[in-house]
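Undergrad: Supplied in structure tokens, the structure appears directly below.
Each value in this text was obtained by applying a stated rule to the coordinates, not by laboratory testing. Because the structure is predicted, anything quoted here is derived from the model rather than measured. We place every Cβ from the backbone using ideal geometry, glycine too, and count neighbours over all the protein chains shown.
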Amino acid sequence: MTNTMKAVRLHEFGGPDVLHYEDAPRPIAEAGEVLVRVHAASLNPPDLHLREGYRSLPPEWQPSSVFPMILGTDISGVVTAVGDEVSGFSIGDEVYAMVRFPQDIMTGSGAYAEYVRVPANELALKPAGITHVEAAGAPMSLLTVWQFLIELGHDAPNPLQSFQHVPIPLKGRKVMVNGAGGGVGHLAVQIAKWQGAHVIAVASGKHQSLLCELGTDEFIDYNKTAAESVAQDVDLVIDAVGGANMERFLSVIKPGGALFLMNPIGFSGYEEAVKSEITVSFTQVRSSGRQLVEAGRLLEQGIIRIIVDSTYPLAQASAAHKRASRGSIQGKIVLINA
Ligand SMILES: NC(=O)c1ccc[n+]([C@@H]2O[C@H](COP(=O)([O-])OP(=O)(O)OC[C@H]3O[C@@H](n4cnc5c(N)ncnc54)[C@H](OP(=O)(O)O)[C@@H]3O)[C@@H](O)[C@H]2O)c1
């Protein structure tokens, strides 16, 4: 085994062209870690934010330069080495993980590479019957939905609110998912449906047939109809888009209902929510091998599935980032390490 590998690295923050496929030192599994040969790695919004140096944040929150940097958190691959103090994983195991998130949010977790070291407690066996591409598409989006809707699973402080997020029962409830075609959204639709909710999906028209296939009961094309003008008596709105005017969803929610914001920055409806008896809540996703085992059973049983928007060779990560920047993503964008 040589001590180098191929990886996509950046030496400065900027646009997609700062991503370079080049030689890099091969990581070594430390105590409590395994080394994984990456077969596939998916893109998530934090990858794009970090590539740009989180330029939308106030300067004091922006990352200091730790170059060269390797982006990416979500992988599926095969264990090639096992560090000390690791039990439960062996060389040759097919595994998937969201790596060191949010611990490495400002430095990159190293997934856009041939090899990545992964804490064993963040790892799970890849669900049988799905491909590495599909498994790599799952971790961050699936853990986000799981921790918002099913089980928080940790007691780490919440970075943007003073109380811990608490999932609510979904059986028989009316749940609206905004951004339903994206990585988080298409899994929120499926998990809410699995829980027995009546699901309204809000997305652009290109996602309608897919979302109906995935179990959506009602579809709203936001380019034709404002969701808040037609939806009513909703128990829970999940906003998987963020940005401007998230307050508009308060008007469709019943008193006693909830608004879960995947990205609450800019939300200004807290007072109105209190008056309307609506709980507004956010949580930041955290790595968890245990939850990937639990949620992975749904992938294994075909109860939920990962939709792949597009794939790119690892060497073409900059093209994948250009695709992500164009938006309107359906499911996940995945890098393949041949
Ligand atoms: N809290 C957490 O820890 C956490 C974790 C992961 C992600 N997030 C956040 O969750 C959000 C979604 O992440 P993601 O990975 O799912 O992103 P994504 O894959 O890019 O999906 C975003 C989706 O939103 C849709 N969209 C764009 N504008 C819209 C609008 N005005 N109305 C309705 N839909 C619209 C897009 O497609 P169409 O426009 O074609 O419908 C796309 O499918 C991001 O803000 C991300 O930062 C938070």
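Undergrad: Which residue, Ala315, Ala97, Ala138, tops the fluctuation ranking in a GNM of the chain built on C-alpha contacts under 10 Å?
TA: Sorting by GNM fluctuation, first place goes to Ala315.
Undergrad: Rounded to the nearest 10 degrees, what's the angle between the helix 183-194 long axis and the longest principal axis of the chain, both from Cα atoms, 0 to 90?
TA: Helix 183-194 sits at roughly 60 degrees to that axis.
Undergrad: What's the FRET efficiency of Asn158 with Thr2 using the Cβ-Cβ distance as r and R₀ = 35 Å, to the nearest 0.05?
TA: Plugging the Cβ-Cβ distance into 1/(1 + (r/R0)^6) gives 0.20.
Undergrad: What per residue convex hull volume, in Å³, do the alpha-carbon atoms of the range 166-281 yield?
TA: Convex hull of Cα atoms, per residue: 91 Å³.
Undergrad: Under 12 Å from the Cβ of Ser328, count the other residues' Cβ atoms, weight Lys and Arg +1, Asp and Glu -1, and hand me the total.
TA: With Lys, Arg at +1 and Asp, Glu at -1, the net is +2.
Undergrad: Net charge around Val293, counting only other residues with Cβ within less than 12 Å of its Cβ (Lys, Arg = +1; Asp, Glu = -1)?
TA: Local charge sum for Val293: 0.
Undergrad: If you don't mind, another one. Helix 317-326: angle to the longest alpha-carbon principal axis of the chain, degrees 0 to 90, nearest 10?
TA: Computed tilt is about 10 degrees.
Undergrad: Rounded to the nearest 20 debye, what is the charge dipole size of the chain about its Cα centre when +1 sits on each Lys and Arg Cβ and -1 on each Asp and Glu Cβ?
TA: The dipole of the chain has a size of about 540 debye.
Undergrad: Answer with one residue from Asn223, Ala258, Gly183: the one whose Cα lies farthest towards the positive end of the charge dipole of the range 166-281, charges on Cβ with Lys, Arg +1 and Asp, Glu -1.
TA: Gly183
Undergrad: Taking the chain as a Gaussian network, where each spring joins two C-alpha atoms under 10 Å apart, which residue of Gly289, Gly108, Gly83 fluctuates the most?
TA: Gly83
Undergrad: With each pseudo-label sitting 7 Å past Cα toward Cβ, what's the Glu213-Glu271 distance in nm, one decimal?
TA: Simple spin-label model gives 4.7 nm for this pair.
Undergrad: I'd like the antiparallel share, as a percent to the nearest 5, of DSSP beta bridges with both residues in the chain.
TA: 55 percent
Undergrad: Rounded to the nearest 10 degrees, what's the angle between the helix 139-149 long axis and the longest principal axis of the chain, both from Cα atoms, 0 to 90?
TA: In the chain, helix 139-149 runs at an angle near 30 degrees to the longest axis.
Undergrad: Mind checking which of Val241, His207, Gly129 is farthest towards the positive end of the chain's charge dipole, using Cβ charges of +1 (Lys, Arg) and -1 (Asp, Glu) about the Cα centre?
TA: The listed residue farthest towards the positive side: His207.
Undergrad: Enumerate the amide H contacts of Val99 below 5 Å, restricted to partners 5 or more residues apart or on another chain; note that Pro and chain-start residues carry no placed amide H.
TA: It is Asp74, Ile75, by chain and number.
Undergrad: So for the range 259-315, what percent of the C-alpha to C-alpha distances run longer than 12 Å?
TA: Taking all Cα-Cα pairs of the range 259-315, the fraction more than 12 Å apart is 78 percent.
Undergrad: What's the magnitude of the charge dipole for the range 189-264 around its Cα centre, counting Lys and Arg as +1 and Asp and Glu as -1 at the beta-carbon? Answer in Debye, nearest 20.
TA: 100 debye
Undergrad: Right, something else. Residues with beta-carbon under 15 Å from that of Pro313, excluding Pro313: net charge, scoring Lys, Arg +1 and Asp, Glu -1?
TA: +1
Undergrad: Measure off 7 Å from each Cα along the Cα-to-Cβ vector at Ala319 and Ala128, then give the distance between these two points in nanometres to one decimal.
TA: 3.6 nm
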